[in-house]
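Each remark here refers to the structure printed beneath this line.
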Amino acid sequence: MNENKTNINWYPGHMLKTKKQIIEDLKLIDIIIEILDARAPIASQNPEIKDITASKKKIIVLNKSDLANEVETKKWIEHFKMKEIKAIAVDANSGKGVKETLKQVQDIMKEEIEKASNKGRVNKNIRIMVCGIPNVGKSSFINRMINRKSAEVGNRPGVTKQKQWVRISNNIELLDTPGVLWPKFENEDIALKLAYIGTIKDELIDKTNIAYNLLKYLEKNNKKELFERYKLTDEEINSIIPKENETLLIMNLIANKRGAIISGGEIDYEKVSAIILNDFRTGKIGKITLEKVNNG
Ligand SMILES: Nc1nc2c(ncn2[C@@H]2O[C@H](COP(=O)(O)OP(=O)(O)OP(=O)(O)O)[C@@H](O)[C@H]2O)c(=O)[nH]1
Ligand SMILES: [Mg+2]
């Protein structure tokens, strides 16, 4: 199995176009809501977007917090607070944290609204841009904000193709944007984390390689959750000899338990990889945060 070689071409031309569009639209924007994935707040922050939006007021939404470790999410919120950035844990599926985000927007904008009102502009519009990498839940978050399904949502990256304005109240408008990545990931570790959480289109990744690397990660960092999910035991693993590659062995055991077997008894690696990735992405292996504050 090929470790740490993903060779992903994740940066199609439309992302560059979106980036340019975001720069253009920033002139209209009062405040940014940058959506990160609570399971990987470093890997899921696009450094280009971070730079482009540096001069704007900003709130960070740690979305999919239902899939992350609660203690770690609290630490991340503290981490951002020390940098004087307001971060809020959100679950855009259930709506948890969405009202708090709206309240924060109003608090942050209060002074400007008062200033405008003193100048006679009583109904100053607040324009919010919602941005983030693909599949973090931007459109889901917007739908929750406005309490209806206005933006298209899907369990794959690249669902939103064009920016879209939606009004949430008589003086607040939101701009939904397509997910953008950046041309060169800093290292393979970032690429892998982004693949684990479903940022990169499945057609572009070698699923088996990604699932194998994820298993290796979980075996090291979340062994208890991994073993519980697939009813694996140390005895079972130790009983198998020869043991050249424990991660591969675990993958084979999961395949057997889940019937990922091709006729003839061979392991169906495509199928078992899809099972593992899907279980991880939907939280079935546990609430797992891939990046910890300080030791990322
Ligand atoms: N568990 C969980 N799933 C979520 C949450 N928010 C969104 N999702 C799911 O994540 C997937 C992507 O959601 P979208 O709202 O389409 O994401 P997006 O950021 O708009 O994606 P693009 O438009 O492709 O960039 C969908 O399957 C959502 O149901 C959340 O807080 N928790
Ligand atoms: Mg979208």
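The values are calculated or read from the model by the stated rules, or taken from the named source; none is laboratory data. These numbers were taken from a predicted model, which means no experiment stands behind them. Because the Cβ atoms are built from the backbone with ideal geometry, glycine has one as well, and the counts that use them run over all protein chains shown. These area figures cover heavy atoms from the full protein model, side chains too; ligands, DNA and RNA do not enter into them. Shrake-Rupley method; radii C 1.70, N 1.55, O 1.52, S 1.80 Å.
Assorted remarks:
- One residue alone among Lys115, Lys149, Lys138, Lys161 is under 21 Å from Lys56 (Cβ atoms), under 21 Å from the mean Cα position of the chain (by Cα) and of a type in the set (D, E, K, R), and that residue is Lys138.
- Hey, Lys64 on the phi > 0 side of the Ramachandran plot, basic (Lys, Arg), surrounded by 18 or more Cβ atoms within 10 Å (Cβ to Cβ) and out of contact with any helix residue (DSSP H, G or I) (no Cβ under 6 Å at 6 or more places or on another chain) or not: yes
- Residue match in segment 70-85 (condition: part of a strand (DSSP E or B), under 19 Å from Met129 (Cα atoms) and not polar (S, T, N, Q)): no
- All told, Thr199 falls short of being without any contact (Cβ under 8 Å) to a residue 40 or more places away in the chain, within 16 Å of ligand 1 (Cβ to nearest atom) and open to solvent by less than 70 Å² (accessible area, probe 1.4 Å).
- Being of a type outside the set (Ser, Thr, Tyr), in the same structural domain as Thr18 (by TED's automatic domain parsing), within 14 Å of ligand 2 (Cβ to nearest atom) and assigned to a helix (DSSP H, G or I) is a property that holds for Ile142.
- Scanning segment 150-196 for residues that are part of a loop (DSSP other than H, G, I, E, B), open to solvent by 40 Å² or more (accessible area, probe 1.4 Å), closer than 30 Å to Thr208 by Cβ and away from ligand 2 (no atom under 14 Å from the Cβ) yields a total of 4.
- Annotation: Leu232 fulfils all but one of (1) open to solvent by less than 80 Å² (accessible area, probe 1.4 Å); (2) in contact (Cβ under 8 Å) with a residue 40 or more places away in the chain; (3) in a loop (DSSP other than H, G, I, E, B); the unmet one is (2).
- Cβ-Cβ under 7 Å pairs, at least 6 apart or on other chains, segment 146-174 side within 17 Å of Ile32 (Cα to Cα), far side hydrophobic (A, V, I, L, M, F, W, C) and within 11 Å of ligand 2 (Cβ to nearest atom): Gln164/Ala151; Val166/Ile142; Val166/Ala151; Leu174/Val130; Leu174/Ile142
- Close pairs (6 angstrom Cβ cut-off, 6 or more residues apart or separate chains): over 15 Å from Lys58 (Cα atoms) in segment 87-112, among the aromatic types (Phe, Trp, Tyr) and open to solvent by less than 10 Å² (accessible area, probe 1.4 Å) anywhere: Ala92/Phe141
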